[in-house]
1. If you go through the range 316-345 one residue at a time, how many are in a loop (DSSP other than H, G, I, E, B) and either over 20 Å from the mean Cα position of the chain (by Cα) or at pLDDT below 85 (or both)?
2. Would you say THR293 is without any contact (Cβ under 8 Å) to a residue 60 or more places away in the chain, β-branched (Val, Ile, Thr), assigned to a helix (DSSP H, G or I) and under 24 Å from THR250 (Cβ atoms)?
3. Would you confirm, using the coordinates I've provided, whether VAL105 is touching a residue at least 60 places away in the same chain (Cβ under 8 Å), of a type in the set (Val, Ile, Thr) and either over 30 Å from PRO224 (Cβ atoms) or assigned by the TED database to the domain that holds ASP220 (or both)?
4. So GLN273 fits all but one of (1) within 20 Å of ARG344 (Cα to Cα); (2) in a helix (DSSP H, G or I); (3) free of Cβ contacts under 8 Å to residues at least 12 places away in the same chain; what number is the exception?
5. Kindly provide the set of residues from the range 255-276 that are among the small types (Gly, Ala, Ser) and surrounded by fewer than 19 Cβ atoms within 10 Å (Cβ to Cβ), ordered by number.
6. Could you tell me which numbered condition GLU96 fails, if it satisfies all but one of (1) at pLDDT 90 or above; (2) assigned to a helix (DSSP H, G or I); (3) crowded, with 22+ Cβ neighbours inside 10 Å?
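The values are calculated or read from the model by the stated rules, or taken from the named source; none is laboratory data. In this text the structure is predicted, and so the values were computed from the model without any measurement. When we count neighbours, we look across all protein chains shown, and the Cβ atoms used for this are built from the backbone with ideal geometry, even at glycine.
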Amino acid sequence: MTNGNAGEAARPHAPNIRDVAAAAGVSYQTVSRVLNDAANVSDETRTRVLETIAAMDYRPSRAARSLNYGRVGAVTVVTADTQLYGHASTLRGIEESARAAGHTVGITVVESDAQPHVRRVVEQLSDPSSGAVVVIGFDPASFAVLAGIPADVPVVVVAEPGHVGIGRPSLSLDEHAAAAAATTYLLDLGHRTVHHVAIPAEQPGVGRQSGWREALEAADAPVPEVVPAGWSLQDGYEAGRMLAARDDVTAVFCGNDDIALGVRRAMYDAGRQIPAQVSIVGFDDIPATEFWTPALTTVHMDFVALGRAAHAMADALTRGGEAVAPQLPVPSLVVRESTAPPRRG
């Protein structure tokens, strides 16, 4: 059976900048340089590209014309969430840096790591109008997209350097050291060990979980089984219920502050006093934590600075430079009211 609209079916797609580049035997960045009348293109190459443009009747979009060297002036952020504190604050930093530079920012939310969805996102990012790409790699879906992005697309990844499969310029705050410091602080208070409620999808050898484990092993303290959790308060609450039922639990290091809030509520419902019976440490230092009762001891993370640096690196890539990660603020432990030495006797 054939389509009744033969003219519609037979109509070829309008050529894009990558079609022109392939036909002329050059990169799409070179085509963009020619469109922008850049000086660093040889006469021979310029002539060949212009002849190809004419032969293919290529008509560049306004976006393609406005992007010097193809992608300068724009950035697309890939993230699985725009509401979680770390994701949202990193995005805010990217937007602040881009706005100061007069650049545009697009946001692509990766809903899942299912291949049909991933392919659609990768196709979008492959278009030069997407600009440089910053992948906020805090989850499997973002890493699935990262794996499919063509090598010629300038990409910067916000992720711990130990993550498998980055293969791109990356930067991160030192979550490993910060988690180790938080765990050591609890041990120094006199706790025999520290239980850990982990954020989802974190690789065991990377980041917060690895820092917690390293600190326990360095102190020859018992290493309890990790309690996995999702991102939500409810996930933290369910994990907290499990821990609250155990009398040997006196200190809990949580993968983020929302988890800590859920754990705290579960302890309260079980009649466990914070910090007299159980000490709790969070991670991220969301703005509300200092107003909780008791105020939460947590790790301060400057995600906004992380986002600003990620944009600067991505912009450097589009201009032909190197994406060198700058010195970032060191995460710091903020001691408040939710921690204390363990009760004796």
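1. 15
2. No: the conditions fail for THR293.
3. Details: touching a residue at least 60 places away in the same chain (Cβ under 8 Å): no; of a type in the set (Val, Ile, Thr): yes; either over 30 Å from PRO224 (Cβ atoms) or assigned by the TED database to the domain that holds ASP220 (or both): yes.
No, not satisfied.
4. Every listed condition holds for GLN273 apart from (2).
5. Within the range 255-276, ALA270, GLY271, ALA276 qualify.
6. (3) is the only condition that GLU96 fails.
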